[in-house]
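What follows is a set of notes on a single structure, which appears directly below.
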Amino acid sequence: MGLRRDAQRAVKLAKDIMWSRRAQRELLRKLRDLPALEPHHYRVGVYFADGRVNLYQLRQWYKPLLELSKTHPVLILSRASGSALELLEESPLPVAYVRRVVDLEQVIHDQDLHVVFYVNQNAKNFQMMRYGRRWHVFINHGESDKMYMTTNQFKAYDYALIAGDAARARLEKVLWDYDFDKRAIPIGRPQADHYLDGTPLPYTPDDREVVLYAPTWEGDRGAAAYGSIASHGVALVNALLATGRHRVIYRPHPRSGVVDPDYRAANREIIEAIAAANAADSSAQHVYDDGPSLGWQLAAADVAIVDISAMVYDRLAAGRPLLITRPANPEAQIDTGGYLQACEWLDAGDGASMLARVDEVAHDAEALERLGVWVERYFGDTTPGVTTARFHDAVDHLMAEWARFAALHADDEEVDEFEEDDEDEAEALA
């Protein structure tokens, strides 16, 4: 068994290397065909050092950043070739490929980045954060009550744009000596203003009740084992498909099954069941959704079923019926200090019992009223357009602060921030 596993890993590694080399060649070809970036044009940078598997963290910011770019030009800085290749294909914003530190420094030298956004806590963030005279701002890739949301790494950034009162209360429990009034700026969820943007739905609306099932991956340890595909998903989706009165939108996390083969098999079983149901009844129009865009699913669904993940709060911002799967793994840590203390849970069971629970929550006026209280606590005013205005006001404030400090230090001696990095030497030798 051990030899087989080692052989499989070796094969995967070889395939990854071959793909990486092909991607690098294709990327270089694309870069040669691109016009040079206009110098001293961009004021906002979005730094992304992760590979393509985590591009979902950046994709959710496309539309808010595109809107922001009408006032403050935005440039995405990509460190990985796979990510850069996909970004050049799909991003509505311009992209700079900065694999080496020297490439990064060239962009910094050629542009006037006053604000740099970060959507995750990649260790390579610190290679960008060493450059002063600009604001480094953590904007995250979602709102949730997971452990990730209370990391002391928030202190590394000059500012953090947070969702609202719940986020601040969560951070106040763990961050010592942190100036929340200055450094934690609440903006709500600007993505929610773009959930429905006029893009046609992948089905024809009718009298079917639309159910979004958006589970997370299985996690790499017991404490984070929130995924429900194997414990809930197969029975739940099969029950929904069988009613004839539901339309299922199935959107699994892109990493589903990367650790657990049983989880991967369950995911495949659900995808095949949806295909079979559509083949049997073309009017059903169930959707297996693995596309890069997230938004319409959250707003269009009559009821959503999600795992403990950022998807809870993405849907919460829509203010519509919501069920959370209760983790089957007893080691999974559940923070009941926030919304999860009052949410509507879906326990694993047979298809009939879970279907009955879905129907109950979908039509429970009292549950919807309770939901509204938590929407306000997490996101503040969710009137369309308000959260976008708060996001723009926050960036305007940061720009004004940049100008104020630039004036205060106008007579300072010039500092050479650029120096050769050990990583560049290692890459050159490789």
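Proximity of backbone amide H atoms, modeled 1.01 Å from N, is registered between E209 and H246, R247 at under 5 Å, excluding neighbours fewer than 5 places apart on the same chain. Residues in segment 12-107 average 49 Å² of solvent-accessible surface per residue, probe 1.4 Å, ligands and nucleic acids excluded. Taking the chain as the reference, fit the longest principal axis to its C-alpha atoms, fit the long axis of helix 386-408 to the helix C-alpha atoms, and give the angle between the two in degrees, 0 to 90, nearest 10. The angle comes out near 20 degrees. Label zone of Q341 (point 7 Å out along Cα→Cβ, amide N under 17 Å): in segment 150-187 this covers 165-174. The portion of the accessible surface of the chain made up by carbon and sulfur, rounded to a whole percent, is 52 (1.4 Å probe; DNA, RNA and ligands excluded). Taking every DSSP helix (H) stretch of at least 4 residues in the chain, weighting each as -39,500 (n - 2.57) and dividing the sum by the residue count yields a mean residue ellipticity at 222 nm of -13000 deg cm²/dmol. Based on protein heavy atoms only, segment 271-385 ends up with 43 Å² per residue of surface accessible to a 1.4 Å probe. Sorting the segments 316-324, 105-113, 125-133 by their mean number of nearby beta carbons within 10 angstrom, highest to lowest, gives 316-324, 105-113, 125-133. Relative to the longest principal axis of the Cα atoms of the chain, the long axis of helix 365-379 lies at roughly 10 degrees. For the chain, relative contact order (Cα pairs under 8 Å, six or more residues apart, normalised by length) works out to 16 percent. Under the criterion of Cα pairs below 8 Å and six or more residues apart, the relative contact order for segment 53-95 equals 40 percent.
Cα centroids of segment 268-306 and segment 158-176: 35 Å apart. Values (i) 21.7, 79; (ii) 20.4, 64; (iii) 22.9, 74 are given for comparison; Rg and Dmax of the Cα atoms in Å, derived from the coordinates here, is the one labelled (iii). Under a 5 Å amide H cut-off, with hydrogens placed 1.01 Å from N, L75 pairs with V44, G45, V46 among residues at least 5 apart or on other chains. For R268 and A242, the FRET efficiency from 1/(1 + (r/R0)^6), where r spans their Cβ atoms and R0 equals 22 Å, is about 0.70.
The values are calculated or read from the model by the stated rules, or taken from the named source; none is laboratory data. These numbers come from a predicted model, not from an experiment. With ideal geometry, Cβ positions are generated from the backbone for all residues, glycine too; neighbour counts draw on all protein chains shown. What goes into the accessible areas is simple: the full protein's heavy atoms, side chains included, and nothing from ligands, DNA or RNA. Shrake-Rupley method; radii C 1.70, N 1.55, O 1.52, S 1.80 Å.
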